[in-house]
Every structure is written in C-alpha cells, then in structure tokens.
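Novice: Just dropping this structure here.
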Amino acid sequence: MAEVTISALVKVFPNGARAADGLDLTIRDGEFFALLGPSGCGKTTLLRMLAGLETPTGGTITLGGQDVTRLPPGKRDLAMVFQDYALYPHMTVTDNIAYPLKVRKVAKDERHAKAREAAGSLQLEELMERRPGQLSGGQQQRVALARALAYPTELFLFDEPLSNLDARLRLEARTFLKRLQTDLGVTTVYVTHDQSEALALADRMAVMDAGRFRQVGAPLEVYQRPSSRFVASFIGSVPMNLLPATVADGGLRVGSNRVPVPAHAREHVAAGDEVVVGARPEYAELLAEPADDALAGTVAVVELLGTEYLVTVEDGDLSVQATAPEDPGIGSRAWVRLGERHTLLYRADDGELVDAPRAASARDQMVAAG
Amino acid sequence: MTATARTGARAATPATAARPPVVGPLLARVGFYVFALVVGAFFALPVLWLLTAPFDADPTLSVAVPSLTLSNFAAMFSNPYVGSSLRNSILLSLGTMLLVVTAAALCAYALSRVRIPGRDLLLYILLLFSSVVSGTAAMVPLFQLINQFGLINTHTGVMLVLAGGLLPAGIFILKDFMDSIPPSYEEFARVAGASPLQTLRDVVVPVARPGLAVVAVWTIVNVWGDFLIPFILLRSPDKAPAAVVMFNFYTEGGQANLRLISAYSFLYSIPVVVMYLFVNRRYGFRFYGGIKR
C-alpha cells in the first residue's frame, strides 16, 4: 500500500505538446482516484508517467515515500490494466495471468496456483485453458484484472479498462471493480473520459484539461460545485444549463427573463457584469403556470430518461432543460425555475466560478495564463 | 467462337435489342474466359513439360505423351554430383534462412519501435540497394570483397552475400508485422519487470511467428533458386548447389542432356512445392507483408 505524490510534474513531447504542465497532487493510501478529461488532456500521459512508461520532462513522482521518478516500470511494484487489455494471444489464460510471476522467477507450480487463485475470485476457473481469442470482451477484461491481482502490488493503474465493453456490461464491471478495490484497499489511479464512471467509482477525482488539473475533489463536490465552466460542461450525464446573463437591478437578466442572483455570489458581482448561469436540469423545476423568477418558453423536445422526462424549453435563442415527472406535451407553454440553492455563476470572460472576490481569483488567472 | 458469333447475331435482332444489359456482360465474360484460357495454357506448358519429360525415354523440348520409363532417374542418381549438390542447396538455404530471420527480426523490431528521423527513407534506400547488392552489377566488387575475406569457394561466403541481398526486403516485410503488434503487449511486460530480451523472446517473437515463417520460406525459396552468386563464388564442383550443377549437364556431344536435366529439375522443384503446400495449409497463403492494415 502506498501514497502517491507528484510535484511540479511537467511532460513536454518532442512535437511541443505539453501533456503535463506543472502538476501537483497527493493520492492518499488506499484511495480510488479518477483522472477525468477529454481526449488529449494529458490524463493517460500522467498515468504512463506513474507507471514509468513515459519519462517526465521535469518534477518528481514518489511512491510510498520513495522517489521513483527515474525508476524503470518493473521496479515500481505496480500493476497496470490497459485499455486493450494487452492479453497475449499465444498464451492460455493461465499463462497470461501467471506471466508477471514467470518474469519474477516464481516456480511453475506456484505461479499456476497463484493464477488459479486470482482467477477464482473473478469466476474464470472454467476458462483457464482457453486463449484470449476464444473469450468474450467481458471475460477478457476479467482476465486482465486477474493478471493485475496475481502478484503483490503497491498501486493499481487502470487505463480506461471499461471503454471496450458494451454499455450494460460496463455497468456490471463498474460495480464489480468498485467492490474489488474496496476489499483489497490498494491505492488505485483510474483514467477515464466517461464522467459517470469517475463519479461512480472514485473516492476523489481530478478533472484535467490541456495538461492541468481544473478541479480536484470528491465526486459529489465536483458534481455540485464545478469550479469552472469547463468542468461544469464536462460533468453530468445530462449537460448542465449554461445560460449567458447580465447582472442588473439586483438580479440576473437571462434573455427577456429575470432570475435572482444566488445568495453565495451576491456579494461578488456588480451591476453590468457579464456572467454565465449554471443550473443542472435535475435541480430545475418545470412549471405549467407563470411564476416569479422562472424562465418562460415553449416546450420543444421531451426525452424519457426512465423515471422522469428531460424537457427542453425554448424562448428565441434561449434553450433551457429541466426534468419533470410528467410529459408536458410538445408546443405547450412552460416555465422553468432553476432552483436558486443549486444555481452557480461563472464569469463570462475566464469561466471561473463566482464565489469569491475577483482579487483572489486573479492569481489563478495568472497561473492559467502563464 | 461460335457462341460469341451467335450472341452477336441475336443482339442485332429487334426482339433482343430491348435487353442489351444482358448481352454486353455475357460477351465480356466469354471474352475473359477465352483470354484466361490462352494465358493459362501459355504458363501451363512448361509445367506440363516438367511433369512428362522426366518419365519420357527420349525427352525433347516439346510436350508429348511420354513412353514411360524411370531410367532417367537411374541415370541421374549415378551422376556423382547429384547427391552433394542437393545437400549443398539445403545447407545454403537453411544457413541463409537462419541469418536472415535472426538479423531481420532484430532489425525490424528496432525499426518498428524506435523513432528516428528519416526512418522510412532509410528503409526505402535499403530496399532499393538490396536489388543492386546481390545483382549482376555488383558482381565484381562482391567477388573482390569475398576474396579479401578469404571466403572464396566457401559456403560461408555465399551465405553472407545472399543474406546481405535478402535482408532489406526481409526487414521491410517483418517491420510491417512488428508494427501490427500493439505496443501495450510490450508495455505490460515492462511493467511486469521483463527485460527487453525477455520481452522479445516471450512476447514479440511468438506473436510475430507468422511473419517469421513467411520470411523464412521466402528466403529458402530465393536461395534455392539462386544461380549467379554460388556460380561465381564457388570454385570446386563438389561444393556447388543444385542450380549450378544443373548448368553442367551436357552429353558427350556437347548437347544439353535433356534426360538428366528433366529428371533433375523434377527433383529440384519438389521442395519448393512442398513448402508452398505447407505455408498454404498453415497460414492460408496470406502474404501480408507490405500491406497496410
């Protein structure tokens, strides 16, 4: 078991791309940590640097208090599951799982016993003599997991291990993975571009963009209070409403409507400020009657989500989504109340959350610009 | 021919003029079959000769129904150089094959995995030169080079020159195979703690085995059929391979000894046919080298 610390980590590729731009992070012992971001944001590069498959341009990585920045991958005591599983097509499941033990010069009987033990916990006993080509995607994924479990490690690294599975299997594998990690208590770093996976699995998560962490925190915190418009637009299976607005007469003018300024932001904005109102459709309320502080429009699209409907209400250029228990019917008039308690304000210029005086965020802005 | 004429005549009548799309393709198809038949016969004749002449008591250069006999083979085996030449051919083929497969596998692996500027250019230049190196144009310098090394009239010299000529194309074919092996295979081995050589032995070579087999068979077939290089670099007739020995089969009158040549050619072609069947059976004859997937 080990704590992972990275400080001032920089990775610049020969073509000039900065995949890591001064990253600082501590991943606690036994923690399930998710790295989330769009493709090309540097999350996989960071994982590969932790594994030792990429050499950082600058900065240090420590694993369990030991500086491993220049250590080859084989000496780091970690296990990695690749996106394509990297199962060897010429070996049986047994030999695949036992391969890391073979490299460690464990005797044949012992390593086969270890492989069976690891496979047993993943319901693979029946498949031990098959080759990867004869397995389904879900079975291959479990073999790849078993291979990581078969030898003692300080750290698990997962590189989008579920992205090659179909949707239903992915949900099952997710639950399974979460239980497995809780049982083993091994520090885990999990790379994904799927925000729902990160929210579901992680103890803490980092949202990355352009080689930098945009927000680090517990999933609930990241979900409820995205620290920037980028994070807000990235997190949530239903996209957050992001509506351009202007501060005027103690309220916000959104299109032709007026909504109140959220309490936590009231002190930090002045009349005339350009902002973006962020409100999750799940917290917004769909009304059939006109109401104060609600956005008026016409129902344009209704989508069934399962237990409720996602309703898109349009008024000119303005489009806002809300969830509703009933289908209001396309074309009917509707009013959307955003739910003040969960409404967030972002500055229109730099996209940062409005929750502190401008002066405090100026430092972050300089870091971002530099 | 009559079929073509008849369909042509029918196409002219007004009743069938309403459906020309049927006649056009039919004509094209008949024409294609006739063309294929002529081309096929052209290539089949030498093979037919090779099948009939060895068993003919008095073979000529034409394909004829043979007056069956095995005396040609008896005469061939009484020739002192037949046994040794086949042995030499096998030795040269296998030796060159080992050299080419080993060196090409290491080179192709390195070229596939290491990013160096101008890598593809280097490969194309190598490929271009390979046809020159073992070709006729370089015969004099090659002879002098081997002479300097003191390798004239040795099988080692012949193997080195042949391997040198075949390596670039071998590397080119194998690099494509190596490129198709996902890097994650080796990365997993690295994370597990395997050394580069261990990775090569446990992962890369077994996965690239079809490619290695292709290069091995291709090398053997090439060496088996090569005449010029052993002819020039080997002096004593007991070291000459089959292709060179066949060149010396004359009758006392100075005529080509067709009885001996036909029987020997028959024997000489068997290994290549056997290897074709082996590759075909094992790999379905998918020669994937050079094809981008």
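Novice: Output the residue which, of all residues in segment A:102-144 that are assigned to a loop (DSSP other than H, G, I, E, B) and under 24 Å from A:Leu171 (Cα atoms), is most open to solvent (accessible area, probe 1.4 Å).
Specialist: Across segment A:102-144, the extreme among qualifying residues is A:Gln123.
Novice: Do you know which residues across segment A:39-74 are buried (at least 16 other Cβ atoms within 10 Å of the Cβ), within 9 Å of chain B (Cβ to nearest Cβ) and assigned to a loop (DSSP other than H, G, I, E, B)?
Specialist: Passing the criteria: A:Gly52, A:Leu53.
Yes/no per residue for (1) open to solvent by 70 Å² or more (accessible area, probe 1.4 Å); (2) touching an Asp or Glu at 6+ places or on another chain (Cβ under 7 Å); (3) of a type in the set (Val, Ile, Thr):
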position: B:Leu48; (1), (2), (3): yes, no, no
position: B:Leu51; (1), (2), (3): yes, no, no
position: B:Leu68; (1), (2), (3): yes, no, no
position: B:Ser85; (1), (2), (3): no, no, no
position: B:Thr96; (1), (2), (3): no, no, yes
position: B:Cys107; (1), (2), (3): no, no, no
position: B:Leu111; (1), (2), (3): no, no, no
position: B:Leu123; (1), (2), (3): no, no, no
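Conditions tested, residue by residue: (1) modelled with pLDDT of 90 or more; (2) within 28 Å of the chain's Cα centre (by Cα).
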position: A:Thr69; (1), (2): yes, yes
position: A:Ala79; (1), (2): yes, yes
position: A:Pro89; (1), (2): yes, no
position: A:Asp95; (1), (2): yes, no
position: A:Leu101; (1), (2): yes, no
position: A:Ala119; (1), (2): no, no
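Novice: Which one of these does B:Ser130 not meet: (1) open to solvent by less than 80 Å² (accessible area, probe 1.4 Å); (2) at pLDDT 85 or above?
Specialist: With respect to (1) open to solvent by less than 80 Å² (accessible area, probe 1.4 Å); (2) at pLDDT 85 or above, B:Ser130 is out only on (2).
Novice: Would you check which residues across segment A:161-184 are assigned to a loop (DSSP other than H, G, I, E, B), closer than 25 Å to A:Ala98 by Cβ and out of contact with any Lys or Arg (no Cβ under 6 Å at 6 or more places or on another chain) and list them?
Specialist: Those that are assigned to a loop (DSSP other than H, G, I, E, B), closer than 25 Å to A:Ala98 by Cβ and out of contact with any Lys or Arg (no Cβ under 6 Å at 6 or more places or on another chain): A:Pro161, A:Asn164, A:Leu165.
Novice: On to the next question. Just to be sure I understand, how many residues within segment A:275-328 are open to solvent by less than 80 Å² (accessible area, probe 1.4 Å) and under 16 Å from A:Arg253 (Cα atoms)?
Specialist: Matching residues across segment A:275-328 total 16.
Novice: Follow-up. With the requirement that a residue be within 7 Å of chain A (Cβ to nearest Cβ), out of contact with any helix residue (DSSP H, G or I) (no Cβ under 7 Å at 6 or more places or on another chain) and hydroxyl-bearing (Ser, Thr, Tyr), what does segment B:176-205 give you?
Specialist: The one that is within 7 Å of chain A (Cβ to nearest Cβ), out of contact with any helix residue (DSSP H, G or I) (no Cβ under 7 Å at 6 or more places or on another chain) and hydroxyl-bearing (Ser, Thr, Tyr): B:Ser184.
Novice: Across segment A:214-242, which residue is surrounded by the most Cβ atoms within 10 Å (Cβ to Cβ) among those that are under 11 Å from the mean Cα position of the chain (by Cα) and in a loop (DSSP other than H, G, I, E, B)?
Specialist: Here the residue is A:Ile235.
Novice: Something else about it: Checking the conditions here, which among B:Pro210, B:Pro237, B:Pro141 is within 14 Å of chain A (Cβ to nearest Cβ) and surrounded by fewer than 18 Cβ atoms within 10 Å (Cβ to Cβ)?
Specialist: Of B:Pro210, B:Pro237, B:Pro141, the one residue that is within 14 Å of chain A (Cβ to nearest Cβ) and surrounded by fewer than 18 Cβ atoms within 10 Å (Cβ to Cβ) is B:Pro210.
Novice: Let me ask something else about it. List pairs: first in segment B:159-183 and farther than 16 Å from B:Val217 by Cβ, second open to solvent by less than 10 Å² (accessible area, probe 1.4 Å) and not in a helix (DSSP H, G or I), Cβ under 7 Å, 6+ apart or cross-chain?
Specialist: So the pair list comes out as B:Met178/B:Ala208; B:Ile181/B:Ala208; B:Pro182/A:Ala86.
Novice: Separate question: Which ones in segment A:257-278 are among the aliphatic types (A, V, I, L, M) and either outside any strand (DSSP E or B) or within 14 Å of A:Arg347 (Cβ to Cβ) (or both)?
Specialist: A:Val261, A:Ala263, A:Ala265, A:Val269, A:Ala270, A:Ala271, A:Val275, A:Val276, A:Val277, listed by residue number.
Novice: Tally the residues that are facing chain B (nearest Cβ under 9 Å), in a helix (DSSP H, G or I) and either touching a strand residue (DSSP E or B) at 6+ places or on another chain (Cβ under 8 Å) or buried (at least 19 other Cβ atoms within 10 Å of the Cβ) (or both), restricting the search to segment A:75-101.
Specialist: Qualifying residue count, segment A:75-101: 3.
Novice: For segment A:185-218, enumerate the residues that are among the hydrophobic types (A, V, I, L, M, F, W, C), over 10 Å from A:Leu35 (Cα atoms) and in contact with a Phe, Trp or Tyr (Cβ under 8 Å, 6 or more places away or on another chain).
Specialist: The answer is A:Val186, A:Leu199, A:Leu201.
Novice: I'd like to know if segment B:83-91 contains one or more residues that are free of Cβ contacts under 8 Å to residues at least 60 places away in the same chain, within 30 Å of B:Ser262 (Cβ to Cβ) and more than 17 Å from the chain's Cα centre (by Cα).
Specialist: Among the residues of segment B:83-91, at least one is free of Cβ contacts under 8 Å to residues at least 60 places away in the same chain, within 30 Å of B:Ser262 (Cβ to Cβ) and more than 17 Å from the chain's Cα centre (by Cα), which makes the answer yes.
Novice: While we're here: Among the residues of segment A:1-43, which ones are closer than 24 Å to A:Gln66 by Cβ and among the hydroxyl-bearing types (Ser, Thr, Tyr)?
Specialist: A:Thr5, A:Ser7, A:Thr26 - these are the residues of segment A:1-43 that are closer than 24 Å to A:Gln66 by Cβ and among the hydroxyl-bearing types (Ser, Thr, Tyr).
The values are calculated or read from the model by the stated rules, or taken from the named source; none is laboratory data. Remember, it's a predicted structure, so these values are computed and weren't measured experimentally. We place every Cβ from the backbone using ideal geometry, glycine too, and count neighbours over all the protein chains shown. All accessible areas refer to the heavy atoms of the entire protein, side chains included, with ligands and DNA or RNA removed. Shrake-Rupley method; radii C 1.70, N 1.55, O 1.52, S 1.80 Å.
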